[in-house]
Structure formats: structure tokens, C-alpha cells
1. Out of (1) part of a loop (DSSP other than H, G, I, E, B); (2) more than 24 Å from residue 135 (Cβ to Cβ); (3) open to solvent by 70 Å² or more (accessible area, probe 1.4 Å); (4) not aromatic (Phe, Trp, Tyr), the odd one out for residue 50 is which?
2. Regarding residue 87, is this residue free of Cβ contacts under 8 Å to residues at least 12 places away in the same chain and either basic (Lys, Arg) or open to solvent by less than 20 Å² (accessible area, probe 1.4 Å) (or both)?
3. Out of 120, 99, 87, report the one residue that is basic (Lys, Arg) and more than 21 Å from residue 25 (Cβ to Cβ).
4. With touching a residue at least 40 places away in the same chain (Cβ under 8 Å), under 22 Å from residue 281 (Cα atoms) and assigned to a loop (DSSP other than H, G, I, E, B) as the only criterion, which of 112, 162, 133 stands out?
5. What is the one condition in (1) of a type in the set (S, T, N, Q); (2) at pLDDT below 95; (3) over 23 Å from the mean Cα position of the chain (by Cα) that residue 50 does not satisfy?
6. When the range 185-227 is examined, which residues are found to be part of a loop (DSSP other than H, G, I, E, B), open to solvent by less than 60 Å² (accessible area, probe 1.4 Å) and of a type in the set (A, V, I, L, M, F, W, C)?
7. Identify, please: which residue in the range 231-284 is assigned to a loop (DSSP other than H, G, I, E, B) and of a type in the set (Asp, Glu) and is, among those, most open to solvent (accessible area, probe 1.4 Å)?
8. Within the range 53-73, can you find the residues that are assigned to a strand (DSSP E or B) and open to solvent by less than 10 Å² (accessible area, probe 1.4 Å)?
Amino acid sequence: MKAAVRARYGPPEVVSVSDVEKPVVKDGDVLVKVRATTVNRTDCAMRAAQPFIWRFMTGLVRPNVPVLGTEFAGDVEEVGGGVTAFRPGDKVFGYNDARFGAHAEYMVIPQGGTLAPLPRGLSYEEAAPGTEGAHYALSMITWAKVRAGHDVLVYGATGAIGSAAVQLLKHAGAKVTAVCGTKHLDLVRRLGADRAVDYTATDFTADEQRYDVVIDAVGKSTFGRCRRLLKPRGIYVASDVGPLWQNLFLTAVTPLFGGRRVRFPFPKHDAGTARHFKELIESGEFRPVIDRQYPLDEIVDAYRYVETGQKTGNVVITVTTPES
């Protein structure tokens, strides 16, 4: 099968498309013929081993995960022993950051993993970006204990995580302020933001409004910068560990003082999460935002574009077509 493979850590150019062995299906596994996938921040971090600590989990000198790719949409090709939730021919979508492997024509995922039937009315390319950014966004909203009526600011509201967060927050009944660049102000309003702040025209941290929750969806700010935006018992939550991994430290320390707090979320991975996004998509409450699409053979160009930091929503990769 064709797959995007890397044998060492480094820039996008370490990835090449070549022929590799088709994965073996074991008991409890589902073999998916991948139709579409994405290139996202997780893939970029894993590919480059940045931060360095990734190497302690994926290989100190050389990567032990040659094929990246976390989210996907495709068709069930085969099921292993004991699998009852899916059968060959089912159209599915999901997320797998335990084994990765979605940047290939075939991948395996446990039947109890983040896997669900394809949302009705969506193509493979439309459904593939429905889990990665969304599950990070959902975990931040959950860990921050956002409730209806809460005032929430989302910094980086047009990335995969941020664009999902705006929609999921509106579904939760929050009042959303979205921070983005000039050209995306209309987009975040369409996604449901009650208010849009142009960070190129003003310093969003100087905002006079105070918030129950501040979500940094791009990992480019800090609790120190955003602290003044929070109400007395407000919560700051980020998609990144922050400089010197400070968000992990602050998560442990800030609750001791009884005021503004930092929380660092740990996403949940299971079939229920995938089904939840399927239901939200089918109800019209959530729709993944897509920026660009590339064929698998041009995945290096996709990596280069994602690393410009200028993408809007998601970058989708077409792996195979229904005719293939």
C-alpha cells in the first residue's frame, strides 16, 4: 500500500510517499481503507519531535512510528475476531493518536477507539477533520467547566481547535468572544461568535471585558498575559504546555490560592467521543472548517503550509478515491 513515511525526525522533507506493508488485523481491530485524512499540529510535532520530549515516547534517536496521521474517514475493509460494532463496508470516521497511521491507504484502529459511522450527508473529505481539533476543543471546554451563560474568550479562533471551540461553546450556551485576524472576522461570526476581536488592530489582552474562561487554542499566549482578562475565579486553559511547560506547573499551583486558575486538559479517547461529534455534525451544531485539500502525493506541501501557521481550520489529504 502507499503511505507517507518518515525514517527520521526533521522538516517536512523527511516525509516521502512509498510502498509499505499493509497492516495486520488482530483480534478487536478494525481495518479501515482510508479515503481522507488531515495534516495537523500533532502530526507536525511528532514528525519534528518538537518539543524534544516527544522522543521519549516515540523513539529517542529514530521514530518508531513511521506513518503519521491521526484523523481519518474511510471504509471498513476487514474486522478482527470479537469485533461486533462494525462490519466490512461500513463508512466510518475517527481519530487515533495511539497508533497513528492515517497517512496511508489502510490503517487499523481498535473497535473501542474513537471511531463512529460517517455523519450523514458528509463526504469523506468533509468528515475527516471532524475529530482532532474538535476533541481538543471539547476537552478544554469540559475541563474549564463551561456552562450556559459563561463569558468565554477564544484566542486563535480560526484554527482547527479554535474554530471547533467557537461552535462547541455556542452549543453549550456560552457567550463567545473570538480573537482572530482581520480577514477572518466574518468567518468567526458565521461560526457563532457573539463578538469578534481583531488582534492585528488591538491587543486582545487589553480588552475591558472580563471572562469566566479564556481558551488559548493556538498555544501562543500565557496565563501571565491573559490573567487580567479573567474574572476573580476565572479559568485559563491552553492547547499547549506553554513556555518551560509552565501550564502543567500552574495547573497544580494556581488552585492553592483560590483565585484565577490554570487547567491543562487531557482529552478523552473512545467511541462515545466520535459518536458525539457525529451527532453534532448531523444536527448542524458543528461543521469542521476546511482550508485546503491535497492529494497524498503532495503531503509534503501540506506539511509546509500547516507550518506557516496561517491555515484556517483544517488541511485535508485525499488518500484514495471510492473508485480505487
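1. In the conditions (1) part of a loop (DSSP other than H, G, I, E, B); (2) more than 24 Å from residue 135 (Cβ to Cβ); (3) open to solvent by 70 Å² or more (accessible area, probe 1.4 Å); (4) not aromatic (Phe, Trp, Tyr), residue 50 misses (2) alone.
2. Numbers: free of Cβ contacts under 8 Å to residues at least 12 places away in the same chain: yes; either basic (Lys, Arg) or open to solvent by less than 20 Å² (accessible area, probe 1.4 Å) (or both): yes.
Yes: the conditions hold for residue 87.
3. Values: 99 fails: more than 21 Å from residue 25 (Cβ to Cβ); 87 fails: more than 21 Å from residue 25 (Cβ to Cβ).
Selected residue: 120, the only one of 120, 99, 87 that is basic (Lys, Arg) and more than 21 Å from residue 25 (Cβ to Cβ).
4. Details: 162 fails: assigned to a loop (DSSP other than H, G, I, E, B); 133 fails: assigned to a loop (DSSP other than H, G, I, E, B).
Only one candidate passes the filter, namely 112.
5. That leaves (3) as the condition not met.
6. 193, 217, 218
7. Pass one, the range 231-284, residues assigned to a loop (DSSP other than H, G, I, E, B): 239-242, 258-260, 264-270, 284.
Filter once more, keeping what is of a type in the set (Asp, Glu): 240, 270.
Working: 240: 59, 270: 40 Å².
Within the range 231-284, the match that is most open to solvent (accessible area, probe 1.4 Å) is 240.
8. Of the residues in the range 53-73, the ones assigned to a strand (DSSP E or B) are 67, 71-73.
Answer for the range 53-73, where residues must be assigned to a strand (DSSP E or B) and open to solvent by less than 10 Å² (accessible area, probe 1.4 Å): 71, 72, 73.
The values are calculated or read from the model by the stated rules, or taken from the named source; none is laboratory data. Keep in mind that what you see is a predicted model, and the values were worked out from it rather than measured. Cβ sites come from the backbone with ideal geometry, for glycine too, and all protein chains shown count toward neighbours. Only protein heavy atoms, including side chains, enter the accessible area calculation; ligands, DNA and RNA are left aside. Shrake-Rupley method; radii C 1.70, N 1.55, O 1.52, S 1.80 Å.
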